[in-house]
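Read the structure below first, then the notes.
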Amino acid sequence: MDYPQLEVVESVTDEYLGVQAGLRLKPDVVVMHIGLPRLYGIEATKQIKLALPKTDVVMVTSHTTGTEIIAALSSGADVYSIKGATRD
């Protein structure tokens with residue numbers, strides 16, 4: 001699919017770098033994963049939302065437990081999307 005209205009401004013390998021990129025670039029949307037190295041995605045989301053409250057954070061993960069979903073949304077994530085999930 002082609003989404004010409006979207007532009008990927010940076011891709012990083014861990015949440016620590018994601019927070020740094022977010023603070024530097026101030027994007028409209030951040031796509032975050034819970035379990036990448038160095039900094040847990042939930043903590044990274046808290047840091048981004050604290051500094052950039054208008055930036056939407058989409059948590060994309062394979063984690064499906066209620067505890068993780070609640071933690072992600074409580075951290076400020078605007079959307080929680082499960083990898084491989086369909087619209088049905």
Handout entry: Sequence-distant aspartates and glutamates (8 or more away, or on other chains) whose Cα lies within less than 20 Å of Lys26
Key = Glu7, Glu10, Asp14, Glu15, Glu43, Asp56, Asp78
Fill in the blank from the handout: When the charge dipole of the chain is computed with +1 on Lys and Arg Cβ and -1 on Asp and Glu Cβ about the Cα centre, the Cα farthest towards its positive end, among Val60, Ala21, Leu6, belongs to Ala21
Practice task
At 0.36 nm per residue, minus the direct Cα-Cα distance, what do Glu43 and Val60 gain on full extension? Give it in nm, one decimal, please.
Solution key: 4.7 nm
Fill in the blank from the handout: Labelled set (1) 17.5, 62; (2) 12.7, 37; (3) 14.6, 47; Rg and Dmax of the Cα atoms in Å computed from this model equals the value at (2)
Exercise for the section: Can you tell me the dipole magnitude for the chain around its Cα centre, using point charges on the Cβ only (Lys, Arg +1; Asp, Glu -1), in Debye to the nearest 20? Expected result: 220 debye
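We did not get these values from a lab; they are worked out from the coordinates using the rules stated. Note that this is a predicted model, so its numbers are computed, not measured. Every residue, glycine as well, gets a Cβ built from its backbone with ideal geometry; the counts of neighbours run over all protein chains shown.
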